[in-house]
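All remarks here apply to the structure that follows.
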């Protein structure tokens, strides 16, 4: 069996999903170099408020927040997010989603969660990109966190412009009133919203506001792969 595996590795070498360099036999999905250049938040170990909690203070009520690592320009985290979002790298999203789920299990405030909602893409953007990176993360999260994944209750109704170069106020204007929520939302008590990266939090805030118009009593937590420092 080892000979077969060696042959397959020679013909079809495994590549790091971030930098695309060849992986050794002891590495899975990402190489040791890329892993060592990612700055974890360790938010699941925090007893006090995190920077992500504080981002939403005075804006909207959230039960718990979690980000897996810090986004840093010109470092592995930027390459990872680019690969996840623009290189059709769903496998990368599922892989990190599983890692996130293993940490969510350790957070007492999330024990009551009964559903996971990835931030939806508009159908036009999803068609162009090929998939929704937040869906991939949520799929991985639900494998290890073992909660229901709901891809139908929340729909994005507007194909809004990219947020990349907008100010905080412009980001809020850009995402206002872009989500449609179905009445089936009322079946849930505590939801997690999953996104790939948070900068100003405008999209998440707009999604929470839309959810609470339909179901004011629902508890909401927010989970992302990365948060900007």
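Here, each number is a calculation from the coordinates, and none is a lab measurement. Treat the numbers as computed from the prediction; the structure is a model and nothing was measured. Virtual Cβ from ideal backbone geometry, glycine too; neighbours counted across all protein chains shown.
Against the chain, whose longest principal axis comes from its Cα atoms, helix 2-11 is set at around 70 degrees. Computed extension length for residue 82-residue 228: 51.1 nm, one decimal, from 0.36 nm per residue of separation with the Cα-Cα distance subtracted.
Rounded to the nearest 5, the antiparallel percentage of DSSP beta bridges internal to the chain is 20%. Rounded to the nearest 0.05, the FRET efficiency derived from the C-beta distance between residue 158 and residue 214 at R0 = 22 Å is 0.80. The C-alpha atoms of the chain define a longest principal axis, and helix 76-86 lies at about 70 degrees to it. With contributions of -39500 (n - 2.57) from each DSSP H run of at least four residues, the per-residue ellipticity at 222 nm computed over the chain stands at -11000 deg cm²/dmol.
For the chain, the longest principal axis of the C-alpha atoms and the axis of helix 133-145 are separated by about 80°. If r is the Cβ-Cβ distance from residue 199 to residue 144 and R0 is 45 Å, what FRET efficiency results, to the nearest 0.05? Between residue 199 and residue 144 the formula returns 0.95.
Within the set (i) 50, 42, 33; (ii) 59, 37, 32; (iii) 61, 47, 29, the number that Cα extents along the principal axes in Å takes when calculated for this structure is listed as (ii).
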